[in-house]
Amino acid sequence: MPRTLREVVFVDGVRTPFGRAGEKGMYAQTRADDLVIACIRELLRRHPELPPERVDEVALAATTQIGDQGLTLGRVAALLAGLPRTTPGFSIDRMCAGAMTAVTTTASEIAVGACDVTVAGGVEHMGRHPMGEGVDPNPRILAEKLVDPSALVMGETAENLHDRFPHLSRERADRFALASQRKLRRAQESGQVGPELVPVATWHAERGWGLATVDEPPRPDTTLEDLAGLRTPFRPHGRVTAGNSAGLNDGATACLLAAEDTARELGLPARMRLVGYAFAGVDPEVMGVGPIPATEKVLRRTGLSIADIGLFELHEAFAVQVLAFLDHFGLPDDDERVNAYGGAIAVGHPLASSGVRLMTQLARQFEEHPEVRYGLTAMCVGIGMGGAVVWENPHALGGPAATSPATSARSPKES
């Protein structure tokens, strides 16, 4: 039976402040599921026009699905957040792109008419559940040399990327990392980053009760000299450091998606419109190049080109990974369209939650740039993958004549 796909819109996104993983971090003794529950409750609080019973699905991602990140987290968190018992939910894992996949999966449900409104997001408590905890890799992976052993250590994959592209030097990576810190500080001071944060009550047996209201990872006073002095933990005399990589963090995100006609019916805002998405596989030992073929695939499928993209939110797992993307598409390291509010190197990367942070930041930038029609969120993914999502700005002026903030020479094609 032929059917017409429905348009899907991004209504709103929120996140907890991101914390540093470990006993000294603000979430050291706060449950992971409570972090994402706070995000779902906040979305409902911010949108009283949305009857809770209209939420048709809750999809939540976690890379390490054990303990307080297990037990079909989407369903359990939905119940604990106060959604009706009739609201189903599920868990999802695509490592760093977990929340991104939760979005694209439930958006597909909306597009085919299986749902009208969904909640999608992710959580990672890396202090409680370090990446790889409880994992038992099949011995064939190494015995049959299906992948290089370095593929299982993300920092080593970043060093491999430096090897593959020697012109992507440590100094260049450090400069990009420093820019991320500075852009985040400017965005926080201007109020561009902050409105999406959900205050979280925290508990620690020794420190007592607290309230998390700001991100812990940023180091706004970092200098190039500081970065140059950091050790390279993955290789002697290497190029990957704690300063030009995302840290180990705790945090959660969640967003509301809806069919465009349902959003109109309920009076929900449409902050972005989904154009298309793609995931791609690459050699696991250089997983950082994953966003390149994923972006090429989604551009090809949507009939767009890289010149049509006016804003980029690129995940900063490692500086070298973003630099490889920029070089491939001919974009300068300091392109003002790229990560205008800073990225994961500065704000942190609680693995499966990060995809929705990218989307939330792009949605805010769309509001600031009505001259931009299309934006991209893209991520590298462990074990050799990449993901990319193209969004359309509903605030765009002049429709297909809208251009990027960097140049008036670029003219997006009509989708």
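Among the numbered conditions (1) under 17 Å from the mean Cα position of the chain (by Cα); (2) open to solvent by less than 10 Å² (accessible area, probe 1.4 Å), the only one that Gly247 does not meet is (2).
When we screen Leu168, Leu142, Leu178 for residues that are open to solvent by 70 Å² or more (accessible area, probe 1.4 Å), among the hydrophobic types (A, V, I, L, M, F, W, C) and either part of a helix (DSSP H, G or I) or touching a Leu at 6+ places or on another chain (Cβ under 6 Å) (or both), the only hit is Leu142.
Would you say Thr72 is of a type in the set (Val, Ile, Thr), in contact with a strand residue (DSSP E or B) (Cβ under 8 Å, 6 or more places away or on another chain) and open to solvent by 60 Å² or more (accessible area, probe 1.4 Å)? Judged against the criteria, Thr72 is a match.
Results for (1) part of a helix (DSSP H, G or I); (2) open to solvent by less than 10 Å² (accessible area, probe 1.4 Å); (3) farther than 20 Å from Ala102 by Cα, shown as yes or no for each residue.
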site: Ala307; (1), (2), (3): yes, no, yes
site: Glu313; (1), (2), (3): no, yes, no
site: Val320; (1), (2), (3): yes, yes, yes
site: Gly330; (1), (2), (3): no, no, yes
site: Ser353; (1), (2), (3): yes, yes, no
site: Arg364; (1), (2), (3): yes, no, yes
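What do you reckon, is Phe18 closer than 18 Å to Arg128 by Cα, of a type in the set (Phe, Trp, Tyr), open to solvent by less than 10 Å² (accessible area, probe 1.4 Å) and under 22 Å from the mean Cα position of the chain (by Cα)? Criteria met by Phe18.
Every condition in (1) among the charged types (D, E, K, R); (2) part of a helix (DSSP H, G or I); (3) open to solvent by 80 Å² or more (accessible area, probe 1.4 Å); (4) free of Cβ contacts under 8 Å to residues at least 24 places away in the same chain is met by Asp163 except one, and the failing one is (3). Of all residues in the stretch 54-63, exactly one satisfies the criterion of being open to solvent by 10 Å² or more (accessible area, probe 1.4 Å) and over 16 Å from Thr86 (Cα atoms), namely Thr63.
The values are calculated or read from the model by the stated rules, or taken from the named source; none is laboratory data. Just so we're clear, the structure is a prediction, and the values are computed from it rather than from any experiment. No Cβ is skipped: glycine too gets one built from the backbone with ideal geometry, and neighbour counts run over all protein chains shown. Each accessible area value is taken on the protein alone, full model and side chains, heavy atoms only, with ligands, DNA and RNA left out. Shrake-Rupley method; radii C 1.70, N 1.55, O 1.52, S 1.80 Å.
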